[in-house]
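Peer 1: I have a structure I would like to understand better, so I am pasting it below and will then ask my questions one at a time.
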Amino acid sequence: MNANSGSINGIVIANLLAHSLILKIFALTHSSQDKPDRSCDTYNCILLYLRKNYFRIKTIEGLASEVNVEPAYLSRVFRRFHNESPYKFLIRHKMGHVASLRLFSWRQIMEITYA
């Protein structure tokens with residue numbers, strides 16, 4: 001699959017690659033610190049968990065409980081490294097999934113919504 005194809009998958013791939021590159025650059029530029037930034041590790045864990053489990057996460061409070069942090073801290077850390085609230089990311093991720101289901105299947109909207 002080619003990220004330049006203009007398809008929804010190509011756009012998702014390009015966005016994920018760009019995000020990964022930005023995280024890598026951030027990690028390299030901040031690696032000279034004496035002590036590791038635990039909030040960055042927390043953010044990476046939250047982001048990974050969100051990407052793997054977005055379909056079953058209903059609230060940010062539920063997410064915070066599942067990753068063992070306070071909801072306020074989760075929101076603060078996520079905004080610091082992602083420049084977007086975790087709720088917006090969750091909704092955008094779910095909407096992207098729904099759009100890809102609708103584009104690449106003949107399922108009805110109600111079936112997709114229920115799923």
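What follows draws every value from the coordinates through simple rules; no lab data is involved. These numbers were taken from a predicted model, which means no experiment stands behind them. Quick reminder, even Gly has a Cβ in these numbers, built from the backbone with ideal geometry, and neighbours come from all protein chains shown.
Peer 1: Return 93, 19 ranked ascending by Cβ neighbour count within 10 Å, so the fewest neighbours appear first. All intermediate terms of the calculation are to be shown ahead of the outcome.
Peer 2: On the way: 93 16, 19 12.
Sorted ascending by nearby Cβ count, the order is 19, 93.
Peer 1: Could you check the simple spin-label distance between residue 11 and residue 25, using points 7 Å along Cα→Cβ, in nm with one decimal?
Peer 2: Going by the 7 Å Cα→Cβ label model, 2.2 nm.
Peer 1: Then there is this: Extending each Cα 7 Å along its Cβ direction at residue 61 and residue 40, get the distance between those two points in nm, one decimal.
Peer 2: 3.3 nm
Peer 1: Count neighbours as other Cβ atoms within 10 Å of each site's Cβ, and list the GluC sites (Glu not before Pro) in the stretch 11-98 that are DSSP loop with at most 15 such neighbours.
Peer 2: Numbers: sites: 61, 66, 84; in loops: 84.
Taking the stretch 11-98 and a limit of 15 other Cβ atoms within 10 Å, the loop GluC sites (Glu not before Pro) found are 84.
Peer 1: Additional query: Just rank 69, 98, 77, fewest to most, by other beta-carbon atoms within 10 angstrom. Before the final figure, lay out each step's value.
Peer 2: Values: 69 17, 98 14, 77 22.
So the residues, fewest neighbours to most, are 98, 69, 77.
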